[in-house]
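Let me begin by presenting the structure, written as structure tokens, before commenting on it.
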């Protein structure tokens, strides 16, 4: 009976020690057998996985940047639409009506946002070939805003586009011309 008890205690102790040894030293993936052993240890040293919190923050930043880029695309589309509507309204009415002036205000506001999102800042811009009348200013405004829309749609979110910034500056300068002609 004493022998069985001693044997049982020894078996339990052995099992416990084996379980502790497995938990204390998890297997190291860089300890591979064969020719890959050196390469495996170099890979684990050069690439470190971030914590789950860091990964969540990075993913959230990417989502936010993608959302902001999509909003900028939507702004450019709205700008092109507003310019087309103002031009068509002027061709029908031979004057800018109150709603057109509101659209002009909205256009200016969203163009500033597009320029800011593209990495541009305030600056004085002069047009090379200023329009001679309100009709030519509105036609040019519609053309430039359509080019702006296409440029914003094609530009990846990580890129600062000088062309987009130049086009927003031209749109803002044309808005100023239209305002002067309307008053």
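What follows is calculated from the coordinates using simple rules that are stated; it is not laboratory data. In this text the structure is predicted, and so the values were computed from the model without any measurement.
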* **Scattering profile of region 56-182 at q = 0.12 Å⁻¹ [log10 I(q)/I(0), Debye over alpha-carbon scatterers]** => -0.45
* Compute log10 of I(q)/I(0) for region 111-183 with the Debye formula, placing one identical point scatterer on every Cα and leaving out solvent, at q = 0.12, 0.16 Å⁻¹, to two decimals. => -0.32, -0.54
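Determine the gain in length on full extension of the stretch residue 53-residue 121; use 0.36 nm per residue of separation and subtract their C-alpha separation, reporting nm with one decimal.
Details: separation 68, 0.36 × 68 = 24.48 nm, distance 3.44 nm.
That pair, residue 53 and residue 121, stretches by 21.0 nm at full extension.
Using 0.36 nm per residue, how much length does the chain from residue 143 to residue 95 gain when fully extended, once their Cα-Cα distance is taken away?
Values: separation 48, 0.36 × 48 = 17.28 nm, distance 1.93 nm.
Contour length minus the Cα-Cα distance gives 15.3 nm.
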* Evaluate the relative contact order of region 56-182 (contact order divided by residue number), counting alpha-carbon pairs under 8 angstrom at least 6 apart; express in whole percent. => 35 percent
